[in-house]
Amino acid sequence: MGWFTEGSEHEGYVVCVFADGMYGSGGRYMEIDLMTPEGRPVAHENEPGSDAWRPPSQVVGWRVACSCVPFREHVILDPLWTRVWDPADEDFAAGRIYAGPPASADAADISDREDLEPLFLDVWHRHIAPDLSLHRIRTLGGSLKELEAQLDEAVATARAGGVSWEKIGRAFGISRQGAQKRWDAVSADERTPA
């Protein structure tokens with residue numbers, strides 16, 4: 001379960017939480033790679049060059065995390081969803097998730113739970129919302145500048161062809177005076193050789 005943004009450099013994912021405050025990701029087979037709260041992998045103490053891992057049975061909960069570029073910040077987001085051991089105790093609103101019996105490997109890979117993704121995505125979307133707004137402003141600002149340049153060119157062409165300010169204003173939805181005030185300098189620039 002992972003998510004990417006377009007125009008904003010965030011990668012969201014779910015991390016396992018262990019009782020000692022460490023986090024885990026990348027569940028494979030019966031192992032969950034161990035990492036610090038800052039997102040750095042923990043080296044295996046007995047196997048140099050390999051990452052430390054823990055079994056899924058040690059998972060006590062989950063959180064949404066985000067790798068925020070360009071600073072490569074690893075951000076752990078609230079809330080914490082706690083693992084419950086009885087399916088009857090599962091309650092998303094109360095932050096409790098059932099992920100199989102204690103010896104189960106299900107905790108390593110809750111991505112198969114389609115009912116959980118909306119919960120996690122909601123948290124991540126709130127985290128990235130400011131950056132997405134900035135991306136939208138940049139995109140729309142660029143489009144607006146491009147459209148304004150095209151509009152200025154169309155007005156200059158119309159004026160060069162003898163179209164009155166009254167007709168240009170009407171076409172744009174403003175008065176003759178408004179059109180002349182807005183584009184007189186643009187049409188004058190078009191007439192003046194550089």
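Computed from the coordinates by the stated procedures, all read-outs in this text should not be read as laboratory data. Being a predicted model, the structure only gives us computed values, none of them experimental. Don't worry about glycine lacking a Cβ; one is built from the backbone with ideal geometry, like all the others, and counts go over all protein chains shown.
How high is the FRET efficiency from residue 60 to residue 133, r the C-beta distance, R0 30 Å, rounded to 0.05?
Numbers: r = 35 Å, r/R0 = 1.16.
So the FRET efficiency works out to roughly 0.30.
In what sequence, highest mean first, do 88-98, 55-65 appear when ranked by Cβ atoms within 10 angstrom?
Packing order, densest peptide first, comes out as 55-65, 88-98.
Quick check on packing: order 144-155, 76-87, 14-25 by the mean number of other C-beta atoms within 10 Å, highest mean leading.
With the highest mean Cβ count within 10 Å placed first, the list reads 14-25, 76-87, 144-155.
Extension gain residue 176-residue 11, at 0.36 nm per residue separation less the Cα-Cα distance, in nm? Intermediate results must be reported in sequence, preceding the final value.
On the way: separation 165, 0.36 × 165 = 59.40 nm, distance 5.12 nm.
Using 0.36 nm per residue and subtracting the Cα-Cα distance, I get 54.3 nm.
At 7 Å along the Cα-to-beta-carbon direction for both residue 164 and residue 144, put a label point, then send me their distance in nm to one decimal.
3.2
Give, as a single signed number, the net charge of other residues whose beta carbon lies under 14 Å from the beta carbon of residue 133, with Lys and Arg counted +1 and Asp and Glu -1.
Net of charged neighbours comes to +1.
How far apart, in nanometres, would the label points at residue 96 and residue 117 be if each is projected 7 angstrom from Cα along the Cα-to-Cβ direction?
2.7
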